[in-house]
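One structure is given below, encoded as structure tokens.
The values are calculated or read from the model by the stated rules, or taken from the named source; none is laboratory data. Just so it is clear, the model here is predicted, and its values are computed rather than measured. Heads up, the Cβs are rebuilt from the backbone with ideal geometry, glycines too, and the neighbour counts pull from every protein chain shown.
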Amino acid sequence: MNRCILFSAFAAVSILAGGQARAGVISYVAFSNDANSGISSANTYTHALDAGSTGSAPTINGVKFTKDNSVTAFNAPGAGDAATSNAGSYVANTTGTMTSHAGSGSYPPVGLEGGAASAGVYTLLYDMWYLASSSSPYRGAATLTLTGLTPGATYDLRVYCRVWDPSLTRKNLLTFTNGSEVDTTTIYEDDPSQDGLGGDVAFYVNYRYTASASGQVTMRADNTLAAIPAGDTNGTFHLYALTNQVVPVPEPAMMSLLILGGLGLAGAARRRRR
């Protein structure tokens, strides 16, 4: 019997079933309205944050976001700004001031529909938090931390973005840290075409991970690295909104199908060896 193929079959079953695999997966997804934003009341959220200092947090497809202007620490969904127990933080790692912005820039983004169809995401992406730097070229790094996660549970952390200034790139290195697992991606927040997306679209960065024993995950946004050209006057990362949702574990019937599929692969390998 081909033991390598057998191991691969059962490894695939384990990963698909939400096993102990820790490796994170990063992807980019464009959206144009509330319906295709991926936000849904069918999901279970540990965090649903609308950053910035303008207006009230929206309710999108039945999901009520938390509005928090404090920047450095924010609360669990629905808790309100007066809550004493925070579910996360966004703090500076370099010189600068963490700032809650009322919103402006190039808005609405190209690719975001107008009217009622996109009313929720329009509000979500209007204002934001950022690290204010004193002079151009605007450089800095800040770290987002989510706490209160269940170790061993798999989540999708989604950070929602849009174009602020189409003449810039807003190039940043995003570093996701989950226990000993570290995953990175280079994001061009003001030039999504370089992220593999079409034009000046609204989009989210999705980080799928299985929570470590610490029960927390971090995302560092950094545009101070040497890889960013010195003449690029783009700014620090803009955090408009985020969600962190539970990735459901497959039902028992689906688990059985996955296991049978793995056994089938192993059986086929054994027959080929005869």
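Descriptive notes on the structure:
- Considering the stretch 31-42, the residues that are surrounded by fewer than 18 Cβ atoms within 10 Å (Cβ to Cβ) and of a type in the set (A, V, I, L, M) include one that is nearest to residue 241 (Cα to Cα), namely 35.
- Residues considered: 130, 207, 188. Of these, the only one that is assigned by TED's automatic domain parsing to the domain that holds residue 33, over 18 Å from residue 51 (Cβ atoms) and buried (at least 17 other Cβ atoms within 10 Å of the Cβ) is 188.
- Residues that are in contact with a Phe, Trp or Tyr (Cβ under 7 Å, 6 or more places away or on another chain), modelled with pLDDT under 70 and within 18 Å of residue 39 (Cα to Cα) do not occur anywhere in the stretch 120-132.
- Test: residue in the stretch 62-85 that is among the aromatic types (Phe, Trp, Tyr), modelled with pLDDT of 80 or more and under 22 Å from residue 178 (Cβ atoms): no
- Taken residue by residue, the stretch 113-123 has no member that is within 12 Å of residue 238 (Cα to Cα) and surrounded by fewer than 19 Cβ atoms within 10 Å (Cβ to Cβ).
- Pairs are defined by a Cβ separation below 6 Å, a sequence spacing of at least 6 or placement on different chains, a first member in the stretch 200-212 that is more than 14 Å from residue 28 (Cα to Cα), and a second member that is of a type outside the set (Val, Ile, Thr) and outside any strand (DSSP E or B); the pairs so defined are 209/24; 210/22; 211/149; 211/151; 211/153; 212/179.
- Of all residues in the stretch 176-207, those satisfying the criterion of being among the hydroxyl-bearing types (Ser, Thr, Tyr) and within 25 Å of residue 35 (Cα to Cα) are 188, 193, 204, 207.
- A residue that is of a type outside the set (Val, Ile, Thr), under 20 Å from residue 94 (Cα atoms) and at pLDDT 80 or above occurs somewhere in the stretch 202-219.
- Total residues in the stretch 148-169, condition of a type in the set (Ser, Thr, Tyr) and either surrounded by fewer than 24 Cβ atoms within 10 Å (Cβ to Cβ) or closer than 9 Å to residue 191 by Cα (or both): 4
- Every listed requirement among (1) free of Cβ contacts under 8 Å to residues at least 60 places away in the same chain; (2) buried (at least 17 other Cβ atoms within 10 Å of the Cβ); (3) over 18 Å from residue 145 (Cβ atoms) is met by residue 173 save one, (3).
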